[in-house]
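Below is one structure, written out as structure tokens; comments come after it.
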Amino acid sequence: MKEIQLQKDYFNSETIETIYFGGGTPSLLSSDEISLLIGTITGLHTVSSDAEITLEANPDDLHKEKLQSLRQTEINRFSIGIQSFFDDDLEWMNRVHRANEAEASVKRAQDAGFENITVDLIYGYPLLNDQKWKYNLDKVFELGVPHVSSYSMTVEPKTALASFIKKKKQPAMDDQQSAEQFILLMDAMQTHGFEHYEISNFCKPGHYSRHNSNYWKGVKYLGIGPSAHSYNGETRQWNIANNAQYIQAMETGHIPAETETLTETDRLNEYIMTSLRTIWGLELNKLNSIAPGAASQLLIAAKRYFDNYWIEQKDGVIYLTQMGKLYADSIASGLFF
């Protein structure tokens, strides 16, 4: 609440369209605490009457009493971290919840009147064969959720999993498996009427995540809390990660953030990276608005990707093909200035 007040001028007088409680486990907050935070925002900013207000939640936190109390807040969307509907997979991932809780949490949220739900699923890890992956997807379709975020398992350095793989106590991730399961994912989503509107995100028509869509479209955002990042199109800032130092900064009334001003090249590359991932694509005119002549330079670099049918162009907009989506990061980095 203190930082929200300190950062009150970040948006000038712009209307807030989305609020997102994410990172860590915000479902540990009580309903009163959530209401206090939202009230602090609405007291300092104009918030749209139909703002999308999302809470990330672990399945085991969404018990009946919790959901009933959350109905008294302005939360209107849940992002539920299911990951898998198999107990052995969840245990391998060190997740606290179990498969029956994952399914039950979605049903309880729906019964409590929350229809705008997204769930997370992970693929591309050693325990997940294609049969199990299809089961996970079918379970999501059966539950009738309108939005799915799905990510390939990545191994972060300095984690227990990275150490186990290095010591050969766990098998390494298999890129071929990830690619094949990503294709299974895309095909299944299309069959069930979901739009693939961003590399890792699928939704029924009209159920885009407005918050995340704004991020990919380059709309400014403000992050509050330790490690939080903010962006306004010209600069990027990030808060200190150390909790004790963050609290000390709040007590002395200063914002514990570092800031960098984005160069023209930074802004070009930022736009390439975010826009190519989406259904809306990369607009050549927008590149030229950042740097005159940038579009013609990019088209030269893009020739090999056109030749491979990884990208296509229509009405001055470049899109990834389905095959290109397998190489999205590589294509974006290959087009960087």
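The values are calculated or read from the model by the stated rules, or taken from the named source; none is laboratory data. For clarity, every value in this text was computed on a predicted model and none was experimentally measured. Cβ coordinates were reconstructed from backbone atoms using ideal geometry, including for glycine residues, and neighbour counts include every protein chain displayed. All accessible areas refer to the heavy atoms of the entire protein, side chains included, with ligands and DNA or RNA removed. Shrake-Rupley method; radii C 1.70, N 1.55, O 1.52, S 1.80 Å.
Tabulated data for the structure shown
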read-out	value
Residue selected from the range 183-235 under the condition over 27 Å from LEU44 (Cβ atoms) and aliphatic (A, V, I, L, M), by the criterion nearest to the chain's Cα centre (by Cα)	ILE199
Test for LYS139: is it open to solvent by 30 Å² or more (accessible area, probe 1.4 Å), in contact (Cβ under 8 Å) with a residue 12 or more places away in the chain and either among the charged types (D, E, K, R) or assigned to a loop (DSSP other than H, G, I, E, B) (or both)	no
Residue count, the range 291-303 (criterion: free of Cβ contacts under 8 Å to residues at least 12 places away in the same chain, not small (Gly, Ala, Ser) and not in a loop (DSSP other than H, G, I, E, B))	2
Some residue of the range 208-217 being hydrophobic (A, V, I, L, M, F, W, C), over 21 Å from ILE4 (Cα atoms) and touching a strand residue (DSSP E or B) at 6+ places or on another chain (Cβ under 6 Å)	yes
Only listed residue being under 15 Å from ILE318 (Cβ atoms), open to solvent by 70 Å² or more (accessible area, probe 1.4 Å) and outside any helix (DSSP H, G or I), chosen from TRP238, TRP280	TRP280
Hits in the range 108-133 (condition: touching a helix residue (DSSP H, G or I) at 6+ places or on another chain (Cβ under 7 Å), assigned to a helix (DSSP H, G or I) and either surrounded by fewer than 17 Cβ atoms within 10 Å (Cβ to Cβ) or small (Gly, Ala, Ser) (or both))	ALA109, ASP130
Given (1) at pLDDT 95 or above; (2) touching a strand residue (DSSP E or B) at 6+ places or on another chain (Cβ under 9 Å), index of the condition LYS134 fails	(2)
Number of positions in the range 190-243 that are hydroxyl-bearing (Ser, Thr, Tyr) and within 30 Å of ALA179 (Cβ to Cβ)	7
Search result, residues across the range 1-41 that are open to solvent by 60 Å² or more (accessible area, probe 1.4 Å) and more than 21 Å from the chain's Cα centre (by Cα)	MET1, LYS2, GLN5, LYS8, ASP9, ASN12, SER13, GLU14, THR15, ASP32, GLU33, LEU36
Residue within the range 22-34 that is without any contact (Cβ under 8 Å) to a residue 12 or more places away in the chain, touching a strand residue (DSSP E or B) at 6+ places or on another chain (Cβ under 8 Å) and assigned to a loop (DSSP other than H, G, I, E, B) present	yes
Lone unmet requirement of (1) in contact with a strand residue (DSSP E or B) (Cβ under 7 Å, 6 or more places away or on another chain); (2) of a type in the set (Phe, Trp, Tyr); (3) assigned to a helix (DSSP H, G or I) for TYR327	(1)
Verdict on ILE38 being in a helix (DSSP H, G or I) and among the hydrophobic types (A, V, I, L, M, F, W, C)	yes
Unique residue being in contact with a strand residue (DSSP E or B) (Cβ under 7 Å, 6 or more places away or on another chain) and over 16 Å from GLN170 (Cβ atoms) when the list is GLY81, GLY124, GLY113	GLY81
Pair list, Cβ under 6 Å, 6 or more apart: the range 254-271 residue of a type in the set (A, V, I, L, M, F, W, C), other residue open to solvent by 40 Å² or more (accessible area, probe 1.4 Å) and in a helix (DSSP H, G or I)	ILE255/LEU6
Scan of the range 47-91 for residues that are among the hydroxyl-bearing types (Ser, Thr, Tyr) and outside any helix (DSSP H, G or I), ordered by number	SER48, SER49, THR54, THR73, SER79, SER84
Residues located in the range 196-207, provided they are open to solvent by 50 Å² or more (accessible area, probe 1.4 Å) and at pLDDT 95 or above	LYS204, PRO205, HIS207
